[in-house]
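A quick write-up on the structure given underneath.
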Amino acid sequence: MKAIAADLLKIQAVSLSPQQPFTWASGIKSPIYCDNRLTISYPKVRRQIATGLADLIKNKFPDVEVIAGTATAGIPHAAWIAELLDLPMVYVRSKPKDHGQGRQIEGVLKPGQKTVLIDDLISTGGSVLQAVAAAQKEGAEVIGVAGIFSYQLATADQNFAQAKLPFITLTNYSELIEVAQNQQEITDKDLKLLHAWRQDPTNWQ
């Protein structure tokens, strides 16, 4: 959805800087930085995201029984989506608690329940697939992953294919670049750099 991509640019949840790239935690140099946590502060934007993802989930995963949010960024969106779909909601910690009952999943997740995990961003898919594994360990039948934005990296496609799990996002890197170009926020030189990064992010520049 290009409207969502435009919103992310407008509120600066996504920033493009091909000439002065960002450095990710992994050490990768990137012309794009995405912080979808900012969306929770904009009621109109977060409503459009929740409605859009709820509609996508109904269409792609009609058998869903539980909405699960990844900690922490996926939790608020999962709550709003679960409310719209009138479904139970749980959230998945990045690791089990080191006290009490040592839970990694909070909420009621019954064995065999068809579950869709919500994350705010799909980069390589590594973190959300760890959450998928945690839900599966609890006996959930994870039927898919849904997110706000995808970098459309080949690594993510490979990781989800290996996990034999589909994923969907509201918008993606290609749409965002197209919107930025239409709004004259990037130059032709920027555009070439942005396309080159997506093709080979590890050896870019």
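Quick look at the numbers
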| item | result |
| --- | --- |
| Residue of TYR151, TYR42, TYR33 that the Gaussian network model of the chain assigns the largest fluctuation, springs spanning Cα pairs under 10 Å | TYR42 |
| Packing-based order for 112-125, 154-167, using average beta carbon neighbours within 10 Å, highest first | 112-125, 154-167 |
| Highest-fluctuation residue, THR72, THR23, THR39 considered, GNM on the chain with Cα pairs under 10 Å | THR23 |
| Accessible solvent surface per residue of segment 67-189, calculated while the other protein chains remain in place, 1.4 angstrom probe, Å² | 49 |
| Fluctuation leader among PRO88, PRO62, PRO31 - the chain, Gaussian network, Cα springs under 10 angstrom | PRO62 |
| Beta bridges by DSSP in segment 4-127, antiparallel share as percent, to the nearest 5 | 45 |
| Calculated over the chain: convex hull of Cα atoms, volume per residue (Å³) | 120 |
| Distribution of pairwise C-alpha distances over segment 51-91, 5 Å bins, in % | 6, 28, 35, 23, 7, 0 |
| Inter-site label distance for GLU178 and LYS10 at 7 Å from Cα along Cβ, in nm | 1.9 |
| Sulfur and carbon atoms: percent of accessible area, the chain [1.4 Å] | 47 |
| Length-normalised contact order for segment 27-178 - Cα pairs under 8 Å, 6+ apart - percent | 21 |
| Relative contact order, percent, segment 149-202 [alpha-carbon distance under 8 Å, six or more residues apart] | 41 |
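The values are calculated or read from the model by the stated rules, or taken from the named source; none is laboratory data. Just so we're clear, the structure is a prediction, and the values are computed from it rather than from any experiment. All Cβ positions, even for glycine, are placed from backbone atoms using ideal geometry, and neighbour counts span all protein chains on display. When the accessible area is computed, the model is the full protein with side chains, heavy atoms only, and any ligands, DNA or RNA have been set aside. Shrake-Rupley method; radii C 1.70, N 1.55, O 1.52, S 1.80 Å.
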